[in-house]
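Participant: Below is the structure I would like to discuss, written out as structure tokens.
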Amino acid sequence: MKILVTGGAGYIGSHACVVLAARGHEVVVVDNHSNSSPQVLTRIAQLTGAPVVASTVDLRDAVGLARLFAEHRFEAVMHFAALKVVADSIARPQEYESNNVGGTASLLAAMKQASVSRLVFSSSAAVYDATASIQVGEDAPLGAGHPYGQSKLSCEHLIAQQANETADFHAVNLRYFNPVGAHPSGLLGEDPHGTPTNLMPYVSQVAVGQRARLPIFGDDYATPDGTGVRDYLHVMDLARAHADALDFLVRERRSLTANLGTGQGVSVLELVQAFERVSGRAVPYDIVARRAGDVAALYADPSLAQRVLGWRAELDLEAMCRDAWHWQSRNPQGYATS
Ligand code: NAD
Ligand code: WQD
């Protein structure tokens, strides 16, 4: 199938491109490179053995997007492109609204115009009211605590509206929990700009010697060791779920919203210890104040994805840490290394 991958040069989209190509799909990437290096496209080509067809277009550029849809006959779209840093969204809410919601609206209009009827959307656990439950199923209370999460919820609503208004248009919203890890080759991985805000890239950068110490945001939560508990899942498992979601759309011709996680809670200290074990490096840390907006524990009930998509996470915490370390140690400066 010919698939448009928005944000395909980003962390998760790049891994999805490789998995989709391995499943026999043809991918076309659209990315404005606001948070990615074009170098990623060369790495994807190295892994797939074929050049990547890619276009540098902002999704809000309706003319650029229409040109792309006229050039190719897409049979599906995977929509990864978005801004994703919670703290930035609090500082610059309009930018998140414009980029994430505006970008999605523009994409949906282009899909409608070109009669493309299958969409897989990168949603997030950030759409849930994290203060309401610890293990969340898809019917848990919604209510994002920040503009980033609200932008994801608004996108889900726009998508639902298009599904209601357009016969044959179907979408799968995948609500990811905490994606981590890297392609096992060490050629693709997470390469945040500036200081990482997420745990795993921070840990990797400490292990590789780029940062001195990891700040752990609180050890007085009501969790077994006092540190925050989350549901980390390997980016390769996550990428595979996208190919499974596409198969679902073809097979069942209906829309779906599903959580993607392992269903297992892992604490900050457990992750740090697993990383030290697999890397053989020390990860010195300081316990600092809690981070505003954090909850003690949040993890997925991923049983719907298992039942309906036939997907379950297969790679464990060791594999997540091993592959994150492989990527970081081979590319200490991320894609800038090459
Ligand atoms: P990323 O920043 O690495 O990738 C996003 C890509 O989209 C980047 O290459 C960026 O340049 C591009 N982009 C952004 N806005 C664009 C626009 N207007 N037009 C064209 N390209 C644009 O992020 P990621 O971690 O790969 O996340 C992918 C998706 O998954 C996002 O939608 C994100 O909200 C969602 N998600 C991520 C996480 C996570 O922890 N990484 C968790 C849940 C959901
Ligand atoms: C994990 C744990 C921190 C950094 C965020 C978004 C969510 C989704 C995934 C996009 C927490 C602790 C972290 C550090 C630490 N993204 N921590 N020191 O907050 O669960 O989720 O990313 O959709 O929407 O909110 O992930 O990796 O930031 O934090 O102690 O330097 O690690 O307190 O317990 P989070 P995270």
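The values are calculated or read from the model by the stated rules, or taken from the named source; none is laboratory data. Bear in mind the structure is a predicted one, so any value in this text is a computation, not a measurement. As a convention, Cβ positions derive from the backbone with ideal geometry for all residues, glycine included, and neighbour counts pool all protein chains shown. Surface accessibility is based on the protein's heavy atoms, side chains included, excluding ligands, DNA and RNA. Shrake-Rupley method; radii C 1.70, N 1.55, O 1.52, S 1.80 Å.
Participant: For the list (1) open to solvent by less than 10 Å² (accessible area, probe 1.4 Å); (2) under 30 Å from Val283 (Cα atoms); (3) of a type outside the set (Ser, Thr, Tyr); (4) over 19 Å from the mean Cα position of the chain (by Cα), I need the number of the one condition that Arg211 fails.
Facilitator: (1)
Participant: Considering only residues that are touching a Phe, Trp or Tyr at 6+ places or on another chain (Cβ under 9 Å) and either at pLDDT below 95 or assigned to a helix (DSSP H, G or I) (or both), which ones fall in region 156-188?
Facilitator: Residues satisfying the conditions are Glu156, Ile159, Gln162, Ala163.
Participant: Hey, could you check region 264-303 for residues that are part of a loop (DSSP other than H, G, I, E, B) and among the acidic types (Asp, Glu) and say which is farthest from ligand 2 (Cβ to nearest atom)? Steps first, please.
Facilitator: In the first step, residues of region 264-303 are kept if they are part of a loop (DSSP other than H, G, I, E, B); the result is 264-265, 280-284, 289-296, 298, 301-302.
So of that shortlist, the ones also among the acidic types (Asp, Glu) come out as 294, 301.
Working: Asp294: 5, Asp301: 16 Å.
Among those that are part of a loop (DSSP other than H, G, I, E, B) and among the acidic types (Asp, Glu), it is Asp301.
Participant: Let me ask something else about it. Could you tell me which numbered condition Ile159 fails, if it satisfies all but one of (1) under 30 Å from Gly310 (Cβ atoms); (2) within 16 Å of ligand 1 (Cβ to nearest atom); (3) touching a Ser or Thr at 6+ places or on another chain (Cβ under 6 Å)?
Facilitator: (3)
Participant: Test Ser89 against the criterion of being within 14 Å of ligand 2 (Cβ to nearest atom), within 24 Å of Gly261 (Cα to Cα) and not in a helix (DSSP H, G or I), and give yes or no. Break it down stepwise before answering.
Facilitator: Details: within 14 Å of ligand 2 (Cβ to nearest atom): yes; within 24 Å of Gly261 (Cα to Cα): yes; not in a helix (DSSP H, G or I): no.
When the stated conditions are applied, Ser89 does not pass them.
Participant: Checking the conditions here, which among Arg307, Arg290, Arg281 is more than 22 Å from the chain's Cα centre (by Cα), open to solvent by 50 Å² or more (accessible area, probe 1.4 Å) and closer than 29 Å to Asp129 by Cα?
Facilitator: Arg290
Participant: Anything in region 43-76 that is more than 21 Å from Phe169 (Cβ to Cβ) and either of a type in the set (S, T, N, Q) or open to solvent by less than 30 Å² (accessible area, probe 1.4 Å) (or both)? List them, or say none.
Facilitator: Correct list: Arg43, Ile44, Ala45, Gln46, Thr48, Ser55, Thr56, Val57, Gly64.
Participant: List, please: which pairs have Cβ atoms under 9 Å, are six or more places apart or on different chains, and start with a residue in region 301-330 that is within 13 Å of Val235 (Cα to Cα) and end with one that is basic (Lys, Arg) and buried (at least 17 other Cβ atoms within 10 Å of the Cβ)?
Facilitator: That search, which allows pairs on different chains as well, returns Glu314/Arg240.
Participant: While we're here: Taking region 135-149, which residues are open to solvent by 40 Å² or more (accessible area, probe 1.4 Å) and under 28 Å from Arg307 (Cα atoms)? Break it down stepwise before answering.
Facilitator: Residues of region 135-149 open to solvent by 40 Å² or more (accessible area, probe 1.4 Å): 135, 138-139, 141-142, 145.
The answer is Gln135, Glu138, Asp139, Pro141, Leu142.
Participant: Can you give me the number of residues within region 1-42 that are assigned to a helix (DSSP H, G or I), open to solvent by 40 Å² or more (accessible area, probe 1.4 Å) and of a type outside the set (S, T, N, Q)?
Facilitator: The qualifying residues number 1.
Participant: When region 216-230 is examined, which residues are found to be within 23 Å of the chain's Cα centre (by Cα) and either of a type in the set (A, V, I, L, M) or open to solvent by less than 60 Å² (accessible area, probe 1.4 Å) (or both)?
Facilitator: Just the residues of region 216-230 that are within 23 Å of the chain's Cα centre (by Cα), to begin with: 216-217, 228-230.
The answer is Ile216, Gly228, Val229, Arg230.
Participant: Moving on to the next point. Which residues, taken from region 196-233, are more than 10 Å from ligand 2 (Cβ to nearest atom), aliphatic (A, V, I, L, M), out of contact with any Leu (no Cβ under 7 Å at 6 or more places or on another chain) and not in a loop (DSSP other than H, G, I, E, B)?
Facilitator: Ala207
Participant: Is it fair to say Asp191 is away from ligand 1 (no atom under 12 Å from the Cβ) and either open to solvent by less than 40 Å² (accessible area, probe 1.4 Å) or assigned to a loop (DSSP other than H, G, I, E, B) (or both)?
Facilitator: So Asp191 fails the test.
Participant: Now a separate question. Those residues that are of a type outside the set (A, V, I, L, M, F, W, C) and more than 16 Å from ligand 2 (Cβ to nearest atom), I need them from region 147-186; list them, please.
Facilitator: Here is the first cut: in region 147-186, the ones of a type outside the set (A, V, I, L, M, F, W, C) are 147-152, 154, 156-157, 161-162, 164-166, 168, 170, 173, 175-176, 178-179, 181, 183-186.
Result: His157, Gln161, Gln162, Asn164, Glu165, Thr166, Asp168, His170, His183, Pro184, Ser185, Gly186.
Yes/no per residue for (1) of a type in the set (D, E, K, R); (2) closer than 27 Å to Val77 by Cα; (3) in contact (Cβ under 8 Å) with a residue 12 or more places away in the chain:
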residue: Ala171; (1), (2), (3): no, yes, yes
residue: Gly186; (1), (2), (3): no, yes, yes
residue: Val206; (1), (2), (3): no, no, yes
residue: Asp231; (1), (2), (3): yes, yes, yes
residue: Ala243; (1), (2), (3): no, yes, yes
residue: Phe248; (1), (2), (3): no, yes, yes
residue: Arg254; (1), (2), (3): yes, yes, yes
residue: Val268; (1), (2), (3): no, no, yes
